[in-house]
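Written below as C-alpha cells is the structure these notes are about.
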Amino acid sequence: MAIGVEVTTSLRSGPSNPGVRSGRFHIAGLTAKGPTGKAVIVRSLAQFLATFGDRTSYNTAMFDTARLFFEEGGSELVVTRVVGPAATKGSLTLKDTLAVNTLKIEAINPGASSSALTAEVKVSGATFELIISEGSTVISRFTGMTSPLDVVSAAATNPYVKITSLGSASAAPANNPAVLAPTALTAGTDDRASVTAAVVVAALDNAGTLAEGGAVAAPGYTVATIGALLAAHAKANNKIAILSPGVGTTQAEAVASAAALTVTSNNDAAGIFWPSVIIPDGAGTRSVGPEGYVAAVRAKAHRDVGFWKVPAGDTARMRWATGTDVQLDVAGNNLLSNSYVNGIVTTGTNTRLYGYASMSADRENLGLLTARDALNNLALQIDAALEPYVFSVLDGRKHLLGQVEGAVIGVVDPIAKRNGFYALTIDGEEIDPGYRVVVDESINTVTSASNNTVLVSVTVRLSPTAQLIQAEIIKVPLAAAV
C-alpha cells in the first residue's frame with residue numbers, strides 16, 4: 001500500500017473555470033457511441049470522448065462542434081446521441097457446461113461500438129466470474145456468481161450491458177456458463193441512414209429540462225433543413241436556436257437562408273450565423289459550422305456578466321479557431337444584418353462575432369436574441385424561487401404574499417444592480433429600477449384566494465445594447481473656436 005504524497009500532471013482541453021446553467025449548449029446528432037434516449041452533460045472534450053467516442057467519417061460535425069465549444073471557452077455541453085428507428089444492439093450468447101444456451105449479454109446502447117466489448121467467464125468450483133471489458137480495460141466484474149439468475153440480478157443496473165437468462169433446462173449447476181476466453185459481442189447498428197432532421201429534433205426532447213435556458217444546435221444541419229423545426233423546439237423549451245446556412249456557403253446563400261426561414265413572431269428564439277469557422281486539425285486546418293464558437297462566446301458572456309449580455313464585439317474574440325472560411329468585413333456585415341444574419345467579422349488580426357439578431361418580426365422588443373435569453377432565464381429563476389411556496393397556507397394577513405414578493409425581488413433586484421434592466425433617473429436619482437413586482441391585493445383578490453391561487457406580476461425593462469456608436473469629426477478653420 002502506498003504511503004506519502006502522490007502528485008500527477010495532465011493536459012486539459014478547454015477552460016478550467018466552471019460555467020453557469022444558462023450558458024449550457026445542447027447539441028444532437030450522430031456519435032460513435034454513447035447512450036440514447038437521454039441527454040448527458042459533459043464538461044470537457046475528454047469527457048465527450050469517453051462517453052460519445054472520437055471523430056468518425058459520419059460524425060465530424062458533432063465532434064468538431066463539441067471541440068470548438070470547449071476550446072473557445074464553453075464549459076457545459078449537453079449531448080443527445082441520435083440513432084435511427086431501426087438501430088440494433090450487439091450481443092453475445094453464453095452456453096452452459098452442457099453446451100445449452102444459458103445467458104444473453106446485450107450492449108446497453110445501440111451501434112457498432114458494441115464490438116469493442118468482450119465477455120470472459122472463469123469457473124471456480126460451483127461459482128463463476130463474468131468479466132466485461134472494453135478493449136483492454138475491465139469495466140464490469142461479477143464475482144462469486146452461483147447461478148444464471150444470480151448474475152442477472154447483479155447486472156440489473158449495469159451501465160454497459162444487459163444480461164438475460166435464456167432458461168437453460170440443464171440441472172444446476174450445469175446451467176452455469178462454461179469457461180469462456182474473452183469473446184467480443186457482435187456489432188450493432190445505429191441505422192444512421194434513417195436519421196432525418198425531424199428525428200434529430202425529436203431526440204432533443206429526451207433532455208427534459210437539462211438544457212432549459214441554454215442554446216441548442218444540430219451540427220451538420222443547415223437552416224434550410226432544420227431551421228423551422230429547431231426554432232420551434234427552442235421556443236417551446238426555453239432555449240435559443242443557433243443556426244448555420246452550412247459549411248462553405250456564400251454570403252448570398254446566407255441571406256437566402258434567412259429569407260427562407262422568414263422573420264416571424266415565432267422565430268424570436270432563433271438566430272442565423274455566418275460564415276463557417278476554421279479550426280486546427282493536426283498539421284492542417286478544417287472548416288466547421290460556427291455553432292460551437294457562438295455558443296462558447298455566449299457561455300462566457302453569461303458567466304462573466306449575465307444572460308442579458310450580448311456575446312458579440314470585443315469580448316467575442318476567437319481564442320483557438322484561426323478565423324473564418326470567408327473573410328467578412330464590417331461593410332459586408334452591415335449588408336448581412338439587413339437580412340438579420342449575424343456575421344463573424346475579421347478586422348486586422350481579430351475575428352469576432354459582430355451581431356446577435358433574432359428572426360423575430362418584433363424588432364423593438366425581441367430583435368436581439370438576448371431578449372429571449374433573458375425572458376427564458378428569468379422565467380426559470382422565478383419558477384425555482386417560487387416553487388418552495390407551493391402548498392403554503394394562503395393566510396388572510398398576507399404573510400405569504402409578502403414572502404412570495406420577497407422571493408421574486410430576490411431574483412430581479414441583483415440583475416437590476418448589475419445593469420440587466422434599464423433604470424430611469426432624474427438628476428442622477430433613480431426613480432425606476434427597471435422592474436416592478438406586484439403581489440398585493442390589487443391582483444390577489446378574495447376570488448383568487450378561493451381558487452387557491454397566488455397571482456404574481458413581474459414587469460421588466462431590459463437594458464438595450466449599443467450596436468451602433470456614431471461619432472462625428474468636425475474640421476474648423478484655423479481661426480475658429482472649437
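Observations on the structure shown:
- All positions within the stretch 297-343 that are more than 21 Å from Ser257 (Cβ to Cβ), assigned to a loop (DSSP other than H, G, I, E, B) and in contact with a Ser or Thr (Cβ under 9 Å, 6 or more places away or on another chain): Val305, Gly306, Phe307, Trp308, Lys309, Val310, Pro311, Arg317, Met318, Ala321, Thr322
- Residue match in the stretch 66-76 (condition: open to solvent by less than 10 Å² (accessible area, probe 1.4 Å), closer than 23 Å to Glu106 by Cβ, at pLDDT 95 or above and in contact with a Gly (Cβ under 8 Å, 6 or more places away or on another chain)): no
- Single residue of Leu386, Leu394 found to be open to solvent by less than 70 Å² (accessible area, probe 1.4 Å), more than 29 Å from Tyr356 (Cα to Cα), hydrophobic (A, V, I, L, M, F, W, C) and assigned to a loop (DSSP other than H, G, I, E, B): Leu394
- Residue that is nearest to Phe70 (Cα to Cα) [pool: residues in the stretch 20-47 that are of a type in the set (Lys, Arg) and in a loop (DSSP other than H, G, I, E, B)]: Arg43
- Beta carbons closer than 9 Å, at least 6 apart along the sequence or on distinct chains, pair a first residue in the stretch 418-442 that is within 28 Å of Ala301 (Cα to Cα) and touching a residue at least 12 places away in the same chain (Cβ under 8 Å) with a second that is basic (Lys, Arg) and surrounded by fewer than 15 Cβ atoms within 10 Å (Cβ to Cβ) for Pro433/Lys417.
- Qualifying residues in the stretch 82-100 (those that are open to solvent by 10 Å² or more (accessible area, probe 1.4 Å) and touching a Gly at 6+ places or on another chain (Cβ under 9 Å)) - the one nearest to Thr315 (Cα to Cα): Val83
- Just so you know, in the stretch 112-158 the residues that are among the polar types (S, T, N, Q) and within 17 Å of Thr93 (Cα to Cα) include one that is surrounded by the most Cβ atoms within 10 Å (Cβ to Cβ), and it is Ser114.
- Considering the stretch 157-167, and only residues there that are assigned to a loop (DSSP other than H, G, I, E, B) and over 34 Å from the mean Cα position of the chain (by Cα), the residue that is farthest from Val138 (Cα to Cα) turns out to be Gly167.
- Subset of the stretch 397-415 (residues that are touching a strand residue (DSSP E or B) at 6+ places or on another chain (Cβ under 8 Å) and open to solvent by less than 20 Å² (accessible area, probe 1.4 Å)): Val408, Val412, Ile415
- So Leu468, is it touching an Asp or Glu at 6+ places or on another chain (Cβ under 7 Å) and either over 30 Å from Ala236 (Cβ atoms) or of a type in the set (Asp, Glu) (or both): no
- Annotation for the stretch 427-439: at least one member residue is part of a loop (DSSP other than H, G, I, E, B), surrounded by 14 or more Cβ atoms within 10 Å (Cβ to Cβ), touching a Leu at 6+ places or on another chain (Cβ under 6 Å) and not acidic (Asp, Glu).
- Of the strands (runs of 3 or more DSSP E) lying entirely inside the stretch 168-279, the ones with 2 or more residues being under 20 Å from the mean Cα position of the chain (by Cα) and farther than 30 Å from Lys89 by Cα are found at 240-243, 270-274.
- Here Val79 meets the list (1) open to solvent by less than 40 Å² (accessible area, probe 1.4 Å); (2) over 20 Å from Val288 (Cα atoms); (3) not charged (D, E, K, R) almost entirely, failing just condition (2).
The values are calculated or read from the model by the stated rules, or taken from the named source; none is laboratory data. Since the structure is predicted, the reported quantities are computational estimates derived from the model, not experimental observations. Positions of Cβ are generated from backbone atoms using ideal geometry, with glycine treated the same way; all protein chains shown enter the neighbour counts. What goes into the accessible areas is simple: the full protein's heavy atoms, side chains included, and nothing from ligands, DNA or RNA. Shrake-Rupley method; radii C 1.70, N 1.55, O 1.52, S 1.80 Å.
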